[in-house]
Amino acid sequence: MTDTVLSISQADIQALEQLYTFRERTEVLEFLAKHSFLVPVLLEAPEKIYNYFPDPQLFLEVIVDPESIDWVQLLLSIFVKLDPYDAVKRLNQLDWDWGIHNSYEVRNKFFTTLEYPDEF
């Protein structure tokens with residue numbers, strides 16, 4: 001593990017790994033080390049998400065815009081088995097009730113999206 005990853009407490013890493021599946025674990029942890037203000041938000045997010053989505057799987061990954069090297073964000077994917085129309089409606093309500101109240105700094109580096117099973 002790199003020194004930047006060690007700047008996140010081991011307790012926080014363990015808590016996050018119980019809540020989320022990391023896609024490219026090292027990238028996610030290095031991103032969180034640089035943007036540690038996201039850790040409390042991520043620890044709080046599942047409780048908020050569960051109010052809108054029954055039994056979701058939650059994934060974290062770092063997204064880089066290939067056209068803008070400065071545009072890097074943390075993506076929280078909510079994997080759901082709901083009708084897409086209903087799922088989008090619930091995500092919009094979650095964003096309105098919780099996401100919009102996060103600081104600009106958080107909203108600038110973190111966003112949520114939906115994923116669906118292949119049969120949709």
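Each reported figure results from applying straightforward, stated rules to the coordinates on display, with no laboratory input. Remember, it's a predicted structure, so these values are computed and weren't measured experimentally. So basically every Cβ, Gly included, is an ideal-geometry build from the backbone, and we count neighbours across all protein chains shown.
A few remarks follow.
- Calculated FRET value between residue 96 and residue 57, using beta carbons and R₀ = 30 Å, to 0.05: 0.85
- In a fully extended conformation the segment linking residue 111 and residue 43 would gain 23.0 nm over its present Cα-Cα distance, using 0.36 nm per residue.
- For the chain, the longest principal axis of the alpha carbon atoms and the long axis of helix 10-19 meet at an angle near 20°.
- Across the range 93-102, rounded Karplus estimates of 3J(HN,Hα) from the backbone phi angles (6.51 cos²θ - 1.76 cosθ + 1.60, θ = phi - 60°) give 5, 4, 4, 5, 7, 10, x, 5, 8, 6 Hz, Gly and Pro being marked x.
- Cα centroid separation, the range 84-120 to the range 10-61 (Å): 14
- Rounded to the nearest 20, the Cβ-based charge dipole of the chain about its Cα centre (Lys and Arg +1, Asp and Glu -1) stands at 260 debye.
- Using alpha-carbon coordinates, inclination of helix 38-50 to the longest axis of the chain, degrees: 20
- Sorted peptide list for 85-92, 7-14, criterion being average Cβ within 10 angstrom, highest first: 85-92, 7-14
- Here 27, 67 are placed in order of increasing Cβ neighbour count within 10 Å, fewest first, which gives 67, 27.
- With the highest mean first, a sort of the peptides 49-61, 94-106 on other beta-carbon atoms found within 10 angstrom per residue produces 49-61, 94-106.
- Charge sum, other residues only, whose C-beta stays under 14 Å from residue 22's C-beta, Lys/Arg counted +1 and Asp/Glu -1: -4
- For the chain, the spread of Cα coordinates along the three principal axes comes to 43, 34, 31 Å, biggest extent given first.
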